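Each remark here refers to the structure printed beneath this line.
The values are calculated or read from the model by the stated rules, or taken from the named source; none is laboratory data. Keep in mind it's a predicted model, so treat the numbers as computed, not measured. Using ideal geometry, Cβ is built from the backbone for each residue, glycine included, and neighbour counts are taken over all protein chains shown. Remember, those area values only see protein heavy atoms, side chains included, never the ligands or the DNA or RNA. Shrake-Rupley method; radii C 1.70, N 1.55, O 1.52, S 1.80 Å.
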Amino acid sequence: SKQAFDFDNNDRNSSRGITNIVFMGMGEPLNNYANVVCACKSMINVKRFNLSPARVTVSTVGVIGRMRSLHRDLPGINLALSLHAPNQELRQTIIPTASAYPIHKLIQALKDHLKQREEVFSNAKSQFVMIEYILLAGVNDMESIAKELAILLMPIKEKVKVNLIPYNPIFNPQGLAQTFIAPSEESVDRFRRTLYKEFGIFCTVRTEMGQDVNGACGQLACVAERNGQSNVDIEDILASPSRSPSKTKLQRRNNCPEIGQASPSQNQTSSSKQKASIHAARIYDSNNFILMTIAAASTALILSLLISGIRAKS
């Protein structure tokens with residue numbers, strides 16, 4: 001809600017505004033259920049953001065109990081399931097926690113969710129769920145797997161939209177996380193054509209952006225240092241506002257091919273931008289504090305006057 005509020009304030013005078021909200025890539029939303037429900041309700045509140053429930057999507061790895069209660073608490077909200085595999089064994093190799101969510105029960109939960117949506121939307125186009133599917137070379141991107149996925153989704157094929165997500169590689173030589181390989185364009189296209197042309201399942205491919213700066217989907221993770229002594233994380237890449245980065249950290253960055261080596265002029269420009277950004281953030285926080293203080297003082301004054309008025313009348 002805070003991010004949406006800031007964006008809405010910055011964009012209030014433009015013709016764009018907020019059109020869609022997606023809870024994704026931020027941990028499991030349905031394990032933070034109460035706060036997600038509260039945030040969604042503020043998004044669709046006519047006195048606040050006034051978004052249609054159909055413009056708000058909650059993604060889940062498959063917390064079945066919460067999937068069933070989502071429609072009750074947020075009727076009309078879209079559901080996206082991170083499936084990533086057409087069978088339980090393969091899914092558990094990609095998502096270890098999937099052992100708690102049998103795939104046949106996930107499909108049944110999707111069917112129940114779709115049945116509930118029919119009660120809210122008469123428009124058939126609004127009665128669908130999104131299936132998120134990351135493509136990993138040699139793991140789940142084969143044609144045979146695509147056919148198995150299609151067969152799994154056939155009972156609800158008219159009401160699902162499959163979103164294929166090519167894997168974005170991370171620099172991870174020390175094995176902090178299981179490292180996969182990105183699929184080829186040919187593999188992605190073959191998978192898409194199998195679903196769409198052979199089985200008639202609506203399918204899209206997510207556009208990749210931000211890979212060049214390790215900011216693409218799934219890349220905001222720890223990056224292991226070459227010598228294995230310590231790790232370079234997102235905080236190490238940016239200079240600390242309170243002190244300059246140490247010589248060790250600078251050497252660490254230059255040794256990491258994913259981050260790349262910058263010329264002295266680029267480093268100087270980057271440092272200036274960082275300082276400007278930090279300064280702007282401090283001004284923003286300071287202004288927010290001042291506004292909150294004024295609001296609190298005004299509220300206290302109004303309450304004091306009201307109480308005084310009530311006592312005078314009595």
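Okay, here's what the table says:
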read-out	value
Residue ID - nearest to the chain's Cα centre (by Cα), chosen from residues in the stretch 135-166 that are of a type in the set (D, E) and either closer than 12 Å to R190 by Cα or open to solvent by less than 20 Å² (accessible area, probe 1.4 Å) (or both)	D141
Any hit, the stretch 92-103, residues being under 21 Å from S42 (Cα atoms) and of a type in the set (A, V, I, L, M)	no
The stretch 65-82: number of residues that are open to solvent by less than 10 Å² (accessible area, probe 1.4 Å) and assigned to a loop (DSSP other than H, G, I, E, B)	3
Output for the stretch 74-88, where each listed residue is more than 16 Å from E148 (Cβ to Cβ) and out of contact with any His (no Cβ under 8 Å at 6 or more places or on another chain)	L74, P75, G76, N78, A80, L81, S82
Residue match in the stretch 131-139 (condition: out of contact with any Lys or Arg (no Cβ under 8 Å at 6 or more places or on another chain) and in a helix (DSSP H, G or I))	no
Test result for K105, at pLDDT 90 or above, surrounded by fewer than 18 Cβ atoms within 10 Å (Cβ to Cβ) and under 28 Å from F191 (Cα atoms)	yes
Failed item, numbered, when A85 is tested on (1) in contact (Cβ under 8 Å) with a residue 60 or more places away in the chain; (2) among the small types (G, A, S); (3) part of a helix (DSSP H, G or I)	(3)
Unmet requirement for R117, which otherwise passes all of (1) assigned to a helix (DSSP H, G or I); (2) crowded, with 20+ Cβ neighbours inside 10 Å; (3) at pLDDT 90 or above	(3)
Hits in the stretch 29-64 (condition: in contact with a strand residue (DSSP E or B) (Cβ under 8 Å, 6 or more places away or on another chain), open to solvent by 20 Å² or more (accessible area, probe 1.4 Å) and within 17 Å of I131 (Cβ to Cβ))	T57, V61
